[in-house]
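Here is the structure we will look at.
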Amino acid sequence: MRSRPGVFWYSLGLTLLLLLPLIGLTAFFVHQRQEQNVLRQAAAERGGLPVEQGAQDTWRMLLVVQQEDPAFVLARVDGPAQTVTLCALPGDLQVAAPAGTTTLSACALSAGAGRAAQLLSQTAATGETAVQQLYYLAATPACWQDCVGESTTARLDTAALLSRSQREEIGYGEDSVAEITAADAPALIEQMQSCLDTTGKQADVRAAVWEAFVRQNPDLLASLPEAWRQYSARTLTDLMATELGGVEKTLTYLTAQSGLTVQYTTAATQRAGQESALTEEGIQTVRELLQ
């Protein structure tokens with residue numbers, strides 16, 4: 001019969017025989033994992049390209065001019081495609097509502113710009129087609145001018161929007177190019193809209209003017225979010241600090257890209273009584289901007 005000390009050392013020996021291989025195996029796997037991490041990091045430093053902040057994000061916003069007859073511009077800021085697309089929508093545009101239909105203007109005046117953005121999204125998301133979140137930002141004409149800078153200038157070829165006879169009505173018959181400041185823009189938009197007979201064409205004027213300012217002054221993109229912060233007491237938006245920071249990163253990234261494209265597109269509409277409605281093509285245009 002073994003003594004107690006003998007049993008102890010015998011048990012210890014068996015335990016060590018069992019544990020030592022496990023400890024060695026664990027140490028081997030830990031060492032292998034560390035080496036793999038080192039190799040992976042080295043490979044990333046040699047051949048990996050850093051992804052710039054904002055380069056992979058896309059933002060969709062309904063920009064609203066708050067006035068007696070509100071105006072609407074749907075904007076898509078696409079980091080991966082390096083594109084900013086503006087699409088103006090007429091205020092009398094029909095959108096789906098719980099009780100049937102309403103218009104963007106009526107909805108914005110009665111329930112706010114946020115509700116108008118929500119109903120526009122629901123209108124575009126008919127059937128099984130899903131759309132991404134549409135943020136909104138609403139401000140008065142004076143506030144939009146302050147955000148852009150009243151002295152900021154742009155050149156606009158009115159021939160792209162008006163016939164010669166229409167241009168002659170507002171003084172651009174011989175020289176179709178208008179050079180304006182942001183302070184002059186509302187008056188020119190109103191003049192050009194007065195020459196057109198449909199709300200869809202009238203809305204396109206605003207998109208064309210805004211596109212000219214952004215395309216010819218790309219630094220505006222990076223500065224707009226800070227202006228929105230500065231004038232936050234004069235704007236309405238659902239862009240919280242995190243989202244606004246994300247928009248700023250994407251706009252800053254786009255400003256630095258030589259391949260940046262700034263453009264405006266038209267959402268086709270047709271008359272529906274005293275209002276206008278998106279055609280199938282127009283719905284598809286809005287849907288693509290919201291995807």
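Note on region 259-288: among residues that are in contact (Cβ under 8 Å) with a residue 12 or more places away in the chain and more than 19 Å from Lys201 (Cα to Cα), the one that is least open to solvent (accessible area, probe 1.4 Å) is Val262. Checking each residue in region 140-159 for being aliphatic (A, V, I, L, M), surrounded by 19 or more Cβ atoms within 10 Å (Cβ to Cβ) and either out of contact with any helix residue (DSSP H, G or I) (no Cβ under 6 Å at 6 or more places or on another chain) or modelled with pLDDT under 95 (or both) picks out only Val148. Screening region 53-78 for residues that are closer than 14 Å to Thr265 by Cα and not aromatic (Phe, Trp, Tyr) and picking the one that is most open to solvent (accessible area, probe 1.4 Å) gives Arg76.
Here's the yes/no breakdown for (1) outside any helix (DSSP H, G or I); (2) farther than 29 Å from Glu275 by Cβ; (3) over 18 Å from the mean Cα position of the chain (by Cα); (4) among the acidic types (Asp, Glu):
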position: Gly200; (1), (2), (3), (4): no, no, yes, no
position: Asp204; (1), (2), (3), (4): no, no, yes, yes
position: Trp210; (1), (2), (3), (4): no, no, no, no
position: Arg215; (1), (2), (3), (4): no, yes, no, no
position: Leu224; (1), (2), (3), (4): no, yes, no, no
position: Glu248; (1), (2), (3), (4): no, yes, no, yes
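Sub-6 Å Cβ pairs linking a first residue in region 235-251 that is open to solvent by 20 Å² or more (accessible area, probe 1.4 Å) to a second residue that is modelled with pLDDT under 95, at least 6 apart or interchain, are Lys249/Gln53; Lys249/Gly54, ordered by first then second residue.
The residue pairs whose first member lies in region 76-89 and is on the phi > 0 side of the Ramachandran plot and in contact (Cβ under 8 Å) with a residue 12 or more places away in the chain, whose second member is hydrophobic (A, V, I, L, M, F, W, C) and open to solvent by 10 Å² or more (accessible area, probe 1.4 Å), and whose beta carbons are closer than 8 Å, counting only pairs six or more residues apart or on different chains, are Gln82/Leu260. Taking Leu162, is it closer than 22 Å to Arg60 by Cα and either basic (Lys, Arg) or open to solvent by less than 40 Å² (accessible area, probe 1.4 Å) (or both)? Considered against the rule, which asks whether it is closer than 22 Å to Arg60 by Cα and either basic (Lys, Arg) or open to solvent by less than 40 Å² (accessible area, probe 1.4 Å) (or both), Leu162 comes out as no. Considering only residues in region 79-133 that are touching a Phe, Trp or Tyr at 6+ places or on another chain (Cβ under 6 Å) and among the hydrophobic types (A, V, I, L, M, F, W, C), the one that is surrounded by the fewest Cβ atoms within 10 Å (Cβ to Cβ) turns out to be Leu86. Just to be sure before I move on: is Leu224 farther than 21 Å from Tyr136 by Cβ, hydrophobic (A, V, I, L, M, F, W, C) and at pLDDT 95 or above in the structure I sent? Judged against the criteria, Leu224 is not a match.
The values are calculated or read from the model by the stated rules, or taken from the named source; none is laboratory data. Not measured: the values here are computed from a predicted model. Using ideal geometry, Cβ is built from the backbone for each residue, glycine included, and neighbour counts are taken over all protein chains shown. The protein model used for the area step is the full one, side chains on, heavy atoms only, and it has no ligands, DNA or RNA in it. Shrake-Rupley method; radii C 1.70, N 1.55, O 1.52, S 1.80 Å.
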